[in-house]
Amino acid sequence: MKISAQKQLHKLKILLVNHGILILFACLFLIPIWYTIISAFKLDRFIFTQPLSINAASFTVSNIVRAFRIMNYPRMFFNSMMILGISCLMLIIFGSMAAYGIAMARHKFFERMYGFFIILITLPFQLAMVPLISMLKNMNLINTFLGTSLVYGGFYMSFVIFLYTGFIRSIPSELEDAARVDGCGLLKMYIYIYFPLLKTITGVILILRGVAIWNDLLIPLITITRTANATLPLRLMSFVGSYYTSWGLVFGGTLLVSLPILCIFLLLQRFFVKGIMSGAIKQ
Amino acid sequence: MNSSSSRVRLLQCFAFCLPAAIIIFIFFFVPMVRSLQLSFTDWDGISLTSQWVGLDNFRTVISHRSFNQIVRNTIYLMVIYIPLLNVFALFIAIQIYEVKNLGNLYKTVFFLPNMLSMTVVGFIWKLIFSFHNGIINKFFRTVGLNALANDWLGDPSLVLPSMTMTIIWYALGYYVLIYLSGLYNIPVELYEATEVEGASSRQKFVNVTIPMLAPAITINIILSTIGLITLFDLPFVLTGGGPGYNSQTIALQIYYLGFVTLQPKLALALAVILGIFAILIIIVLMKILRKREENIL
């Protein structure tokens with residue numbers, strides 16, 4: 001009897017204190033997002049006078065429509081998708097191949113190479129940035145999808161190899177022995193046995209690095225000089241620069257740029273959270 | 001298996017590593033070595049030739065009137081942001097761990113800002129902090145606290161705290177998730193055992209939670225430090241380093257020197273300083289945190 005009363009009390013405490021704290025902070029965290037969404041649908045003067053509410057009198061879609069047109073949104077979306085696609089393909093295919101090579105070799109030379117890649121993970125991008133861009137110019141890779149993707153490839157590859165190698169090493173070696181007995185070569189084994197096993201970790205890598213590439217500003221800023229080749233964040237930057245006085249347009253553009261990733265995140269939310277949490281343990 | 005077939009096998013393994021190794025080598029490692037090398041020359045950013053000038057670039061960078069300020073800003077952000085972020089993230093993670101119900105909803109909410117581009121986050125908060133029409137000042141003026149309505153990004157003494165707050169809003173969710181995965185890995189039996197011994201919840205926290213979370217704390221402190229030292233997008237959009245040099249960081253200054261004022265040799269010298277700074281910080285943190293982990297276990 002007493003124990004159950006205590007349990008009830010504990011439950012009440014959790015309800016009031018923990019949920020209370022969480023709800024308070026969750027609301028504080030959501031205000032900027034709520035503010036952005038409703039401001040994107042409001043006439044400029046109402047953004048200032050009624051910041052947190054929206055009604056029929058203040059509602060408009062013209063911000064979104066105009067921002068969409070001025071930014072040349074479909075083109076920017078396509079550019080972003082191409083860079084994301086090429087970088088991720090490169091990271092996943094070459095990264096998993098390298099990790100497979102390192103894990104299968106079990107040799108001192110490969111271990112050294114692996115150690116070298118791990119050291120590279122901790123070094124800042126800024127250390128390579130300036131000569132890298134001058135080199136891209138000489139190779140005519142500025143303003144190209146491939147050029148920007150290769151910069152992501154060079155910078156993120158070590159981390160991807162690190163995640164894949166850890167994962168491949170956790171696969172029992174009996175699998176390899178069995179495949180060998182069946183006369184399966186290294187390449188066949190990679191394509192038919194190992195790569196299909198890497199689905200989960202590939203998902204984690206896509207979440208950890210794909211989102212970073214899609215959202216990045218610095219690398220497009222230095223590898224893309226023509227507006228027609230810009231990615232969404234880079235275009236937003238110049239767009240806001242030209243329309244800074246119209247808050248409605250700024251919020252409209254901001255919402256448009258965030259929309260694709262927000263939709264994907266809310267749809268696959270469970271998967272994202274799980275992916276980050278399992279990726280965290282491996283780091 | 002004979003030795004020639006094992007050599008073939010090693011060659012095959014090497015072939016698997018080759019594409020990735022070439023990309024890393026050409027697009028990261030070589031430019032990095034070039035940075036080191038060219039930081040001792042008068043390189044103009046374009047020519048293939050350059051003259052050795054010794055430590056001249058480093059002297060110019062260090063003696064520049066903004067250098068002390070930039071280093072101070074970077075260290076200030078580290079000292080304020082890293083403890084604040086980690087304590088707050090751990091606090092939220094523990095609340096989510098304890099409530100059990102609705103856990104997924106809370107995780108989603110706190111993680112949501114992390115999915116946005118830092119460019120977006122920078123613009124949203126720039127408008128929120130705005131002196132005349134920003135919602136923070138609107139709120140203070142509405143409740144009659146006019147004295148608290150400040151120029152959050154324009155006042156030299158407020159700009160770094162405002163920036164810290166923005167970075168925390170953006171980054172928190174990620175660190176909450178890492179702490180949560182650490183918390184879920186603590187065996188429940190450990191808590192039950194201490195409960196039998198009659199431990200208070202504070203004792204449980206000090207004697208079980210914190211020691212068992214040591215690896216997660218190590219990861220988070222190192223990740224947040226590396227992230228902050230190299231952070232570019234958010235400060236660039238939010239303040240651009242202003243007002244004056246009051247929120248300029250080393251990472252921002254490298255970009256300005258390299259691509260805006262076009263003094264690549266100075267950008268390289270500063271990048272090398274940043275690289276050394278980053279490596280030193282990581283080594284020191286690793287030493288301290290590993291030692292702490294060992295002491296606990």
* Structure fact -> Over region A:191-213, the set of residues crowded, with 20+ Cβ neighbours inside 10 Å and more than 26 Å from A:I261 (Cα to Cα) is A:Y194
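It is to be established whether one or more residues within region B:201-211 are touching a Lys or Arg at 6+ places or on another chain (Cβ under 8 Å) and at pLDDT below 90. Before the answer, list the steps.
Here is the first cut: in region B:201-211, the residues touching a Lys or Arg at 6+ places or on another chain (Cβ under 8 Å) are none.
No, because not a single residue in region B:201-211 is touching a Lys or Arg at 6+ places or on another chain (Cβ under 8 Å) and at pLDDT below 90.
For region A:228-275, which positions are outside any helix (DSSP H, G or I) and open to solvent by 20 Å² or more (accessible area, probe 1.4 Å)? Walk me through how you get there before you give the answer.
Of all residues in region A:228-275, those outside any helix (DSSP H, G or I) come to A:230-231, A:243-246, A:268.
Passing the criteria: A:Y243, A:Y244, A:T245, A:S246, A:L268.
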* Which condition number in (1) surrounded by fewer than 17 Cβ atoms within 10 Å (Cβ to Cβ); (2) at pLDDT 95 or above is the one that B:V143 fails? -> (2)
* Keeping to region A:96-115, report how many residues are under 29 Å from A:L217 (Cβ atoms) and either hydroxyl-bearing (S, T, Y) or open to solvent by 20 Å² or more (accessible area, probe 1.4 Å) (or both). => 1
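Residues in region B:96-127 that are in a helix (DSSP H, G or I) and over 23 Å from the mean Cα position of the chain (by Cα): how many? Don't jump to the end; show me each part of the working.
So in region B:96-127, the residues in a helix (DSSP H, G or I) come out as B:96-99, B:103-115, B:118-127.
Imposing the further condition that a residue be over 23 Å from the mean Cα position of the chain (by Cα) reduces the set to B:96-99, B:103-106, B:127.
Result for region B:96-127: 9.
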* Answer yes or no: is there a residue in region B:93-107 that is within 30 Å of B:F277 (Cα to Cα) and touching a Leu at 6+ places or on another chain (Cβ under 8 Å). => no
* If you go through region A:218-225 one residue at a time, do you hit one that is within 11 Å of another protein chain (Cβ to nearest Cβ) and open to solvent by 50 Å² or more (accessible area, probe 1.4 Å)? -> yes
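Just to check your reading of the model, which residue among B:L262, B:L238, B:L274, B:L234 is in contact (Cβ under 8 Å) with a residue 24 or more places away in the chain, at the interface with chain A (Cβ under 10 Å from one of its Cβ atoms) and either more than 17 Å from B:I82 (Cα to Cα) or touching a strand residue (DSSP E or B) at 6+ places or on another chain (Cβ under 9 Å) (or both)? Break it down stepwise before answering.
Values: B:L262 fails: at the interface with chain A (Cβ under 10 Å from one of its Cβ atoms); B:L238 fails: at the interface with chain A (Cβ under 10 Å from one of its Cβ atoms); B:L234 fails: either more than 17 Å from B:I82 (Cα to Cα) or touching a strand residue (DSSP E or B) at 6+ places or on another chain (Cβ under 9 Å) (or both).
Just a single option satisfies the conditions, and that option is B:L274.
Can we say A:F78 is assigned to a helix (DSSP H, G or I) and surrounded by fewer than 20 Cβ atoms within 10 Å (Cβ to Cβ)? Reasoning before the result, please.
Values: assigned to a helix (DSSP H, G or I): yes; surrounded by fewer than 20 Cβ atoms within 10 Å (Cβ to Cβ): yes.
In short, yes.
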* Structure fact -> Considering region A:125-155, residues that are within 7 Å of chain B (Cβ to nearest Cβ) and among the polar types (S, T, N, Q), and then whichever is surrounded by the fewest Cβ atoms within 10 Å (Cβ to Cβ), we arrive at A:S134
* Asked: Exactly one of (1) at the interface with chain A (Cβ under 10 Å from one of its Cβ atoms); (2) open to solvent by 20 Å² or more (accessible area, probe 1.4 Å); (3) out of contact with any Gly (no Cβ under 8 Å at 6 or more places or on another chain); (4) of a type outside the set (S, T, N, Q) is unmet by B:Y245. Its number?
  -> (1)
* **Neighbours by Cβ (under 7 Å, 6+ apart or cross-chain): first from region A:93-109, more than 17 Å from A:I201 (Cβ to Cβ); second open to solvent by 10 Å² or more (accessible area, probe 1.4 Å)** => A:A105/B:L10; A:H107/B:L10
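Considering only region A:197-219, I want to know if a residue exists there that is over 22 Å from the mean Cα position of the chain (by Cα) and either in the same structural domain as A:M277 (by TED's automatic domain parsing) or more than 22 Å from B:I24 (Cα to Cα) (or both).
Taking region A:197-219 first, the residues over 22 Å from the mean Cα position of the chain (by Cα) are A:197.
If we keep only those that are either in the same structural domain as A:M277 (by TED's automatic domain parsing) or more than 22 Å from B:I24 (Cα to Cα) (or both) too, we end up with A:197.
Checked against the condition, which is being over 22 Å from the mean Cα position of the chain (by Cα) and either in the same structural domain as A:M277 (by TED's automatic domain parsing) or more than 22 Å from B:I24 (Cα to Cα) (or both), region A:197-219 yields at least one hit.
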* Members of region B:94-123 found to be of a type in the set (G, A, S) and either out of contact with any helix residue (DSSP H, G or I) (no Cβ under 7 Å at 6 or more places or on another chain) or surrounded by fewer than 24 Cβ atoms within 10 Å (Cβ to Cβ) (or both), listed by number -> B:G103
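The values are calculated or read from the model by the stated rules, or taken from the named source; none is laboratory data. Everything quoted here is computed from the prediction, not taken from an experiment. Every residue, glycine among them, receives a Cβ derived from its backbone with ideal geometry; neighbour counts consider all protein chains shown. Quick note on the areas: whole protein, heavy atoms, side chains included, nothing else; ligands and nucleic acids left out. Shrake-Rupley method; radii C 1.70, N 1.55, O 1.52, S 1.80 Å.
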